[in-house]
Amino acid sequence: MTPEGIPGTADNADAAVSFDPLRPLLTRVAYRMLGSVADAEDVVQDAFLRWLATDRSAVREPAAFLRRTVTRLCLDQIKSARHQRETYVGPWLPDPLVEEEDDDVTLPLMLALERLSPLERAAFLLHDVFGVEFDEVAKTIDRDPAATRQLAARARTHVREARPRYKLEKDKGLEIANAFFAASRSGDMGALGALLAADVGMWADGGGKRPAAAIPILGKALVMKVHRSLAVLLRKYGSTLVHAGMINGLPGFVTREADGEFQTTALEIEDGKVTGIYVMRNPDKLRHMH
């Protein structure tokens with residue numbers, strides 16, 4: 001350490017050598033806990049600063065130590081984020097990750113995780129998704145192993161319905177996403193209707209920054225009605241396809257809308273029909289895509 005108590009350059013380089021290979025994993029943990037790319041990056045950077053100030057020679061397993069640090073920082077962050085969520089304008093969706101093909105944590109599952117307590121979420125993600133042993137999870141969340149198992153079991157029960165029953169082939173999913181884009185932008189309501197399940201739902205996150213439905217649109221009739229109105233606007237103002245691919249583990253596409261802003265659309269598909277449409281319009285949550 002330098003006289004002022006600030007780590008020196010050599011210390012920084014040494015810390016970075018051990019930290020940087022773990023950064024992608026730590027960011028994945030933080031993002032799945034928080035649903036925000038910017039918040040996840042902030043938490044991981046905070047963990048790095050703590051790593052700088054740690055006696056690293058005394059740490060036997062840096063990966064476990066840093067995962068524990070990141071998880072605890074996320075738990076603190078969730079407590080402060082709860083109030084922000086309560087005052088959020090319209091439906092809240094996690095930040096979109098393009099070309100994210102995580103079969104374990106798709107967008108519907110992330111929404112289900114939002115309904116869990118912070119400790120349930122941590123226990124489920126660390127054990128069921130990242131394969132961390134319960135004894136280590138218990139240390140991380142400061143609970144005994146038996147209580148930790150209960151937290152994970154409760155979480156599992158809550159999220160079971162959000163996990164896909166049948167694995168969708170990526171090519172088939174993208175084929176449906178391309179057909180959805182073409183039908184919705186051209187106004188071909190017959191083709192669009194043929195793609196939708198009877199109980200389809202649509203969630204649009206504008207965050208109060210861009211126009212978006214203030215509540216979820218549920219049922220095929222209402223979703224079709226919304227798309228009829230949208231088709232008129234899209235024909236008039238246009239919508240350009242930027243990329244078709246996986247978004248938070250679901251097939252979908254990125255578009256640039258008439259206002260010049262990006263938009264992502266992710267589709268939940270079961271038995272060849274679209275059951276969920278998740279549209280991100282909030283520019284704050286699309287910033288990392290620029």
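The values are calculated or read from the model by the stated rules, or taken from the named source; none is laboratory data. Please read all numbers here as calculations on a predicted model, not as lab measurements. Every residue, glycine among them, receives a Cβ derived from its backbone with ideal geometry; neighbour counts consider all protein chains shown. Accessible surface areas use protein heavy atoms only, side chains included; no ligands, DNA or RNA. Shrake-Rupley method; radii C 1.70, N 1.55, O 1.52, S 1.80 Å.
Just a few scattered comments:
- Residue match in region 88-98 (condition: modelled with pLDDT under 90, buried (at least 20 other Cβ atoms within 10 Å of the Cβ) and not charged (D, E, K, R)): no
- Residue match in region 45-63 (condition: open to solvent by 30 Å² or more (accessible area, probe 1.4 Å), closer than 27 Å to Met246 by Cα and among the charged types (D, E, K, R)): no
- Some residue of region 218-231 being open to solvent by 10 Å² or more (accessible area, probe 1.4 Å), over 15 Å from Pro94 (Cα atoms), within 18 Å of the chain's Cα centre (by Cα) and touching a residue at least 24 places away in the same chain (Cβ under 8 Å): no
- Looking only at region 232-252, and only at residues there that are free of Cβ contacts under 8 Å to residues at least 24 places away in the same chain and touching a strand residue (DSSP E or B) at 6+ places or on another chain (Cβ under 6 Å), the one that is nearest to Arg185 (Cα to Cα): Thr240
- Applying the condition of being open to solvent by 10 Å² or more (accessible area, probe 1.4 Å) and among the aromatic types (Phe, Trp, Tyr) to region 107-160 and asking which residue is nearest to Leu25 (Cα to Cα) yields Phe130.
- Matching helices (runs of 4 or more DSSP H) fully within region 1-81 where at least 3 residues are at pLDDT 95 or above and either touching a Cys at 6+ places or on another chain (Cβ under 6 Å) or more than 18 Å from Leu119 (Cα to Cα) (or both): 23-34, 37-52
- Region 46-72 residues that are over 17 Å from Asp14 (Cβ atoms), paired with ones that are open to solvent by 60 Å² or more (accessible area, probe 1.4 Å) (beta carbon under 7 Å, 6 or more apart): Arg68/Lys139; Thr69/Arg50
- The residues on offer are Ala152, Ala198, and the sole one that is among the hydrophobic types (A, V, I, L, M, F, W, C) and in contact (Cβ under 8 Å) with a residue 24 or more places away in the chain is Ala152.
- Condition broken by Leu168, with the remaining ones in (1) at pLDDT 95 or above; (2) of a type outside the set (Ser, Thr, Tyr); (3) closer than 24 Å to Pro94 by Cα satisfied: (1)
- Look at region 274-287: where a residue is without any contact (Cβ under 8 Å) to a residue 60 or more places away in the chain, no partner that is open to solvent by 10 Å² or more (accessible area, probe 1.4 Å) and part of a helix (DSSP H, G or I) sits 6+ places away or on another chain with Cβ atoms under 6 Å.
- Residue ID - surrounded by the fewest Cβ atoms within 10 Å (Cβ to Cβ), chosen from residues in region 255-290 that are farther than 21 Å from Ile217 by Cα and among the hydrophobic types (A, V, I, L, M, F, W, C): Ala258
- Region 176-192, residues that are assigned to a helix (DSSP H, G or I) and surrounded by 14 or more Cβ atoms within 10 Å (Cβ to Cβ): Ile176, Ala177, Asn178, Ala179, Phe180, Phe181, Ala183, Ser184, Arg185, Met189, Ala191, Leu192
- Against the conditions (1) farther than 20 Å from Glu257 by Cα; (2) in contact with a Ser or Thr (Cβ under 8 Å, 6 or more places away or on another chain); (3) among the hydrophobic types (A, V, I, L, M, F, W, C), Leu218 satisfies every one except (2).
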